[in-house]
Amino acid sequence: MKLICHPISPYARKAMILAHLHGIDVDMVLPEKNGAHGYRAGDNPLGKIPALEWKPQQYLFDSPVICEYLDSLSDTPILPTDPHQHMLSKWQHALGDGLADAVYNYRYEIVRPKELHWDEMILRHESAIKDVIASLDKICDWFGGPWNYGNLAVVTALDYASYRAAHIDWRAMSPKLAAWHANFIGDAAYIATYDYPA
Amino acid sequence: MFAQIHKIALDYEVVDRLDPKHGYTDGHNPLGKIPALEWHAGQFLFDSPVICEHLDALSKTPLLPKDKQAAFEQKWWHALADGLAEANMNLMFERLRPENHHWPEIIERYETAIADTIRFIEGRVDDLSPDWTYGNIGLVAALDFITHRACEYEWRRYAPKLANWHFGFVDTPVYQDNFGYWEEL
């Protein structure tokens, strides 16, 4: 299956880790940008990535739906079937995605032409990043490891934060979370999908 | 709308304390995002597709189909609708910036995404059921958001079939009872 995306996207990396864990063959294909239309491909009129070609010329999005779909293809899905555990996993996943969104929004504020930067907005996104990290630090004892549906989103978002918002030293701010994250660094799926320039 | 369809009693709390630094906090969630559903005492669930799924799962007659493929089709429509709503929200926030901070390139990107998506859905209207489904709830809510906020794009003009489909929901109690919130937003 084709996954249209850029390797530094934490949203795509979640899907790549899951594919790795389940032994599903997913090819990451770099998107082609079509001006104001964004990254259009097949029936993806929003031009959003990642997009998974789940049927010929039909693209599935957005990333939580892609992850859930890939997980459903496995005989041993990581999403729990117990309704409460199921929603709890999705909640943790949404929290991780929220961190990735905050980093993404921060990034999109600072790549604007300099005269169009809005300091208040930069501050808002930086606060969101720090608030989520503080809250992840408080609850990470409960996350467990190595991979579950919630951890996918949290680990990939933290790596994205290290890369795109490096001035926020989250490891110094949240030593417990840093120790939890360190458990993943030697993992095969982690290594196979880590693609940030040094 | 999920709560309405499944007759789940929810108390709505309209947030009016936007903290410029932390968003809508009130202890609801660290991201300061709304909607947030208090699913356990003091514990808030987000974001909206997760809330919808949770509410749907509480019902004995959930809207999300049991069949896996059919369920993902519905989630696909729901995600498309959410993307449409997001593009409109991003446009709204871009326009709320001080005027000298507007970025024409990004405004064009959001407007194009909205127009492309409306045209795409217009071409697929025949695939949509006339009932409240998991996907249709997202679509109706997104279309109304575009009508009422940010975008002067008159989608009904470009998508007459879609407009006709949307009109089929307007008289339903679920729609009528939820529409009032637009006045407050």
Q: Counting only residues that are touching a residue at least 60 places away in the same chain (Cβ under 8 Å) and more than 17 Å from the chain's Cα centre (by Cα), give me the helices (runs of 4 or more DSSP H) lying completely in the stretch A:152-195 with at least 1 of them.
A: A:188-193
Q) Can you name every residue in the stretch B:27-38 that is at pLDDT 85 or above and either crowded, with 22+ Cβ neighbours inside 10 Å or more than 24 Å from residue A:130 (Cα to Cα) (or both)? A) B:36
**Q.** Odd one out for residue B:125 among (1) over 17 Å from residue B:152 (Cβ atoms); (2) exposed (fewer than 14 other Cβ atoms within 10 Å of the Cβ)
**A.** (2)
Q) For the stretch B:44-68, what are the residues that are touching an Asp or Glu at 6+ places or on another chain (Cβ under 6 Å) and closer than 17 Å to residue B:82 by Cα? A) B:64
Q) Looking at the stretch A:36-52, which of the residues that are within 8 Å of another protein chain (Cβ to nearest Cβ) and over 20 Å from the mean Cα position of the chain (by Cα) is surrounded by the most Cβ atoms within 10 Å (Cβ to Cβ)? A) A:45
Q | Among (1) in contact with a strand residue (DSSP E or B) (Cβ under 7 Å, 6 or more places away or on another chain); (2) surrounded by 19 or more Cβ atoms within 10 Å (Cβ to Cβ); (3) over 20 Å from residue A:150 (Cα atoms), the one test that residue A:29 misses | A | (2)
Q) Restricting the stretch B:80-95 to residues that are facing chain A (nearest Cβ under 10 Å) and free of Cβ contacts under 8 Å to residues at least 40 places away in the same chain, which is nearest to residue B:124 (Cα to Cα)? A) B:83
Q) Does the stretch A:111-125 include one or more residues that are at the interface with chain B (Cβ under 8 Å from one of its Cβ atoms) and either of a type in the set (Gly, Ala, Ser) or within 16 Å of the chain's Cα centre (by Cα) (or both)? A) no
Q.
For the stretch B:131-141, check the following and say yes or no: at least one residue is of a type in the set (D, E, K, R), in a helix (DSSP H, G or I) and out of contact with any strand residue (DSSP E or B) (no Cβ under 8 Å at 6 or more places or on another chain).
A. no
Q: Of the numbered conditions (1) in contact with an Asp or Glu (Cβ under 6 Å, 6 or more places away or on another chain); (2) aliphatic (A, V, I, L, M); (3) closer than 26 Å to residue B:135 by Cβ, residue A:66 fails exactly one; give the number of that condition.
A: (1)
**Q.** Meets criteria (of a type in the set (Val, Ile, Thr), out of contact with any His (no Cβ under 7 Å at 6 or more places or on another chain) and either modelled with pLDDT of 95 or more or surrounded by 12 or more Cβ atoms within 10 Å (Cβ to Cβ) (or both)) for residue B:112
**A.** no
Q | Within the stretch A:68-87, considering residues that are within 9 Å of chain B (Cβ to nearest Cβ) and surrounded by 20 or more Cβ atoms within 10 Å (Cβ to Cβ), the one nearest to residue A:52 (Cα to Cα) | A | A:69
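The values are calculated or read from the model by the stated rules, or taken from the named source; none is laboratory data. Please read these numbers as outputs of a predicted model, since none were measured by experiment. For neighbour counting, all protein chains shown are included, and Cβ atoms are generated from backbone atoms with ideal geometry for every residue, glycine included.
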